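The values are calculated or read from the model by the stated rules, or taken from the named source; none is laboratory data. The shown structure was predicted, so the numbers you read here are calculated from the model rather than taken from an experiment. Note that each Cβ is placed from the backbone with ideal geometry, even for glycine, and that neighbours are counted across all protein chains shown. We work out accessible area using only protein heavy atoms, side chains counted, and drop any ligands, DNA or RNA first. Shrake-Rupley method; radii C 1.70, N 1.55, O 1.52, S 1.80 Å.
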Amino acid sequence: QSVLTQPPSVSGAPGQRVTISCTGSSSNIGADYDVHWYQQLPGTAPKLLIYANTNRPSGVPDRFSGSKSGTSASLAITGLQAEDEADYYCQSYDSNLSGPWVFGGGTKVTVL
Amino acid sequence: QVLLVQSGAEVKKSGASVKVSCKTSKYSFTGYYLHWVRQAPGQGLEWMGWINPNSGGTNYAQKFQGRVTITRDTSISTSYMELSSLRSDDTAVYYCARERELFFDYWGQGTLVTVSS
């Protein structure tokens, strides 16, 4: 059971917009800790996609965007492309846990 | 370009220990904390612990306390993660990752550790 809750899967046709939610609690996202997102292509290591809620590292396309409100955050992918088919993980920091770097369970994005 | 290159796959018997290395390059090794994260087959990411390469100080997730040891060798910009008393549910890909402001900006390629009985 992950500390941060994500839907197991989302899907969309090429060109569509999909969103992935990440729900936490008052000890992590609600405590004003930032949310970060990682993309994991099959058989590869996670790659930083969004940091500090809304920021894209250099090289990440602007069709990826992040937001945060209250105890939740979201990742949006607009103009979905076949190469976006991957697992996506949210991550934050939890002040109540002895293992404070916490992840969501991951969301599989399928491009139909 | 920042690089984190990990050692190769390992197969271990239950009860044994494994030591995985993470060699870094193209940045100041002592300037960033290094973390270790694992991923069991078909599962999500699980944080294990970190090391401050400058001081050698460490912090481990409670789940792994007493079984995991993270060390570093500053002369070769390398961190090590040793996990002891291996069980079948320790079978996973183990990643090292560089921390920047509570997130991970660079990751190693991963090391598959398979524990067999």
- Sole residue being out of contact with any helix residue (DSSP H, G or I) (no Cβ under 8 Å at 6 or more places or on another chain) and open to solvent by 70 Å² or more (accessible area, probe 1.4 Å), chosen from B:Tyr33, B:Tyr95: B:Tyr33
- How many residues, within the stretch B:99-114, are within 8 Å of another protein chain (Cβ to nearest Cβ) and either in contact with a helix residue (DSSP H, G or I) (Cβ under 8 Å, 6 or more places away or on another chain) or part of a loop (DSSP other than H, G, I, E, B) (or both)? 5
- Is there any pair with a first residue in the stretch B:18-42 that is more than 13 Å from B:Thr78 (Cα to Cα) and a second that is surrounded by fewer than 20 Cβ atoms within 10 Å (Cβ to Cβ) and basic (Lys, Arg) whose Cβ atoms are under 9 Å apart and which are 6 or more apart or on different chains, and what are they? B:Val18/B:Lys12
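Results for (1) of a type outside the set (D, E, K, R); (2) open to solvent by 50 Å² or more (accessible area, probe 1.4 Å); (3) touching a helix residue (DSSP H, G or I) at 6+ places or on another chain (Cβ under 9 Å); (4) assigned to a loop (DSSP other than H, G, I, E, B), shown as yes or no for each residue.
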{"site": "B:Cys22", "(1), (2), (3), (4)": "yes, no, no, no"}
{"site": "B:Arg38", "(1), (2), (3), (4)": "no, no, yes, no"}
{"site": "B:Pro41", "(1), (2), (3), (4)": "yes, yes, no, yes"}
{"site": "B:Glu46", "(1), (2), (3), (4)": "no, yes, yes, no"}
{"site": "B:Gly66", "(1), (2), (3), (4)": "yes, yes, no, yes"}
- Quick one: A:Lys68 ticks every box in (1) buried (at least 18 other Cβ atoms within 10 Å of the Cβ); (2) at pLDDT below 95; (3) more than 22 Å from B:Tyr106 (Cα to Cα) bar one, so which box is it? (2)
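May I ask you to verify whether A:Ile50 is over 21 Å from B:Gln39 (Cα atoms) and surrounded by 22 or more Cβ atoms within 10 Å (Cβ to Cβ)? Even if it seems obvious, please write down each step before you answer.
Numbers: over 21 Å from B:Gln39 (Cα atoms): no; surrounded by 22 or more Cβ atoms within 10 Å (Cβ to Cβ): yes.
In short, no.
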- Note on the structure: Only one of A:Ser58, A:Ser95 is within 14 Å of chain B (Cβ to nearest Cβ) and in contact with a helix residue (DSSP H, G or I) (Cβ under 9 Å, 6 or more places away or on another chain), namely A:Ser95
- Query: Just a yes or no: is a residue in the stretch A:23-30 touching a helix residue (DSSP H, G or I) at 6+ places or on another chain (Cβ under 9 Å) and either open to solvent by 50 Å² or more (accessible area, probe 1.4 Å) or within 10 Å of another protein chain (Cβ to nearest Cβ) (or both)?
  - Reply: yes
- Task: Please determine, by comparing only the residues of the stretch B:68-98 that are assigned to a strand (DSSP E or B) and among the acidic types (Asp, Glu), which one is nearest to the other protein chains (Cβ to nearest Cβ).
- Result: B:Glu82
